[in-house]
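The values are calculated or read from the model by the stated rules, or taken from the named source; none is laboratory data. For clarity, every value in this text was computed on a predicted model and none was experimentally measured. Here the Cβ positions follow ideal geometry from the backbone for every residue, glycine too, while neighbour counts run over all protein chains shown. SASA here: full protein model, heavy atoms, side chains in, ligands and nucleic acids out. Shrake-Rupley method; radii C 1.70, N 1.55, O 1.52, S 1.80 Å.
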Amino acid sequence: MRFSEIQKKEVIDATKGSFLGFVQDATIDIKNGKVESLHVGGGERSIFFEAKDKDAKRVRLEDVTTIGKDIVLVGKKDDKK
């Protein structure tokens with residue numbers, strides 16, 4: 001999957017059902033080329049990137065539960081069955 005496919009998707013905390021923001025950027029480990037975290041912020045979609053969103057949160061890739069067509073769900077998976 002390309003980053004451009006998840007950029008600007010809504011990010012929802014599945015455990016609380018709350019809106020966290022939109023995917024704006026990512027942190028990539030340059031040694032292995034893998035995404036470490038997504039930068040989430042901004043209450044509105046913008047066609048222009050702001051220099052740096054001061055309210056941006058980082059969501060570790062391990063915390064991403066599902067990447068859907070329109071949204072990204074984050075939250076701990078329930079291992080109890």
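A search for C-beta distances below 6 Å between a residue of segment 5-23 that is outside any strand (DSSP E or B) and any residue that is open to solvent by less than 20 Å² (accessible area, probe 1.4 Å) and at pLDDT 90 or above, counting only pairs 6+ apart in sequence or on different chains, returns I6/V23; Q7/V23; K8/F22; K9/V23; K9/V72. Restricting attention to segment 1-17, the residues that are more than 13 Å from V40 (Cα to Cα) and either modelled with pLDDT of 90 or more or over 13 Å from the mean Cα position of the chain (by Cα) (or both) add up to 6. Restricting attention to segment 26-50, the residues that are modelled with pLDDT under 85 and either open to solvent by less than 100 Å² (accessible area, probe 1.4 Å) or under 16 Å from I12 (Cα atoms) (or both) total 5.
Based on this model, can you work out whether K76 counts as modelled with pLDDT under 90 and outside any strand (DSSP E or B)? When the stated conditions are applied, K76 passes them.
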